[in-house]
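Before any comments, here is the structure.
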């Protein structure tokens, strides 16, 4: 049943109760859209929609995003021709909190000058490849594999030293799947470490199988590395120990990406239920890197989930062409001069050919002293001067100081055609 109320200030409230669900959808609808804009302020509705998420007097843009992430909710907005809507979806127990954040965004937005400038300079049009549908190319997947191969080696060294035990971590697969598919593929209760990689936007998820997580914690606390799968009843101390253990490993992730870009990983949150983590929309493409992990007799998988939105600014750097360019160092001026000097003093063979002739094997075998071989050139034709087995000049034979010599007459066009 739908109920409608009108406040004294004219604000209308529309309520619809659905007793079969525990979720709540809260929306603030403004009766102004793109059709109400004049040519001078075209796009202002959509612009203001973005600015509402840039922070309030008491909450930063990051605080707004994290406030809904913490409760497993979602906040968004859209602009149509007739109206603009700001909405949130949360569990019924968090309805008051969601309404408080929405009210703060709507009534106390900061409209910071710096954020206004950023929004103005943001690229409004993006190239969309329908053939690839924003997915990663095989070349880019290979680059991500190389980066995380390095990360796996660094993690092996890090945890081996920290746990004082045999640790082996290797990359088993790198796949691109929808975010929803990845969430369905991991256990209902697992160890989820969420971290930022500034200056890139968004978050990365490090999912650790409980079998691995508990074996690590047992070893860290002085045990032999036995696993106890009791994720649903983690104590505050256990949560802190596990999150700190993987937070210390984030420095290795920064080092693994150093050849591509500089990032500053920062732990953002720790969760055990994937359903409470809403990093991106369900259909968003994510890259999932699976790391096979062996701790003594215990084995399991660590998954890294990287949304496309995180990697989008640096996708061009994930090509082999970029890697080859970045590895190529410009020669120093002294080195260039030294090479030139050695080239100038290098000796090369120079041969003047009188001509050529063809004969059969029988004629060759019957050659004797005193026989004459007719060449293919007339007597007055210039000779070919070969430089390093390549025709370079045309010349004529002569004598200088009782020694045979060749006078250069012209360039041989055959050498020029070969690019010599």
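Every number here is computed from the coordinates shown, using simple stated rules; none is lab data. For clarity, every value in this text was computed on a predicted model and none was experimentally measured. With ideal geometry, Cβ positions are generated from the backbone for all residues, glycine too; neighbour counts draw on all protein chains shown.
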By the Cα gyration tensor axes a ≥ b ≥ c (a/c under 1.5 gives rounded; else a/b larger than b/c gives prolate, otherwise oblate), the shape of the stretch 4-103 is oblate
Counted neighbours (other Cβ, 10 Å), sorted fewest up, put 257, 29 in the order 29, 257
What FRET efficiency comes out for residue 411 versus residue 361 if R0 is 56 angstrom and r is the Cβ-Cβ distance? Round to the nearest 0.05.
0.95
Sum -39500 (n - 2.57) across every DSSP H segment of at least 4 residues in the chain, then divide by the residue count to get the 222 nm mean residue ellipticity, nearest 500.
-9500 deg cm²/dmol
Going from the fewest other Cβ atoms within 10 Å to the most, one would list 281, 109 as 281, 109
Using Cα centres only, tell me the gap between the stretch 340-368 and the stretch 289-319 in whole Å.
61 Å
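Which of rounded, prolate or oblate describes the stretch 346-417 when judged by the alpha-carbon gyration tensor and an a/c cut-off of 1.5? Mind showing how you got there, number by number?
On the way: a/c = 1.96, a/b = 1.56, b/c = 1.26.
The shape class here is prolate.
If you rank 312, 297 by fewest surrounding Cβ atoms within 10 Å, what's the result? Intermediate values should be presented prior to the final figure.
Working: 312 14, 297 11.
Lowest to highest Cβ neighbour count: 297, 312.
Tell me, what does the Kirkwood hydrodynamic radius of the chain come to in angstroms if you use every pair of distinct C-alpha atoms?
Details: mean 1/r = 0.0351 Å⁻¹.
Answer for the chain: a Kirkwood hydrodynamic radius of 28.5 Å.
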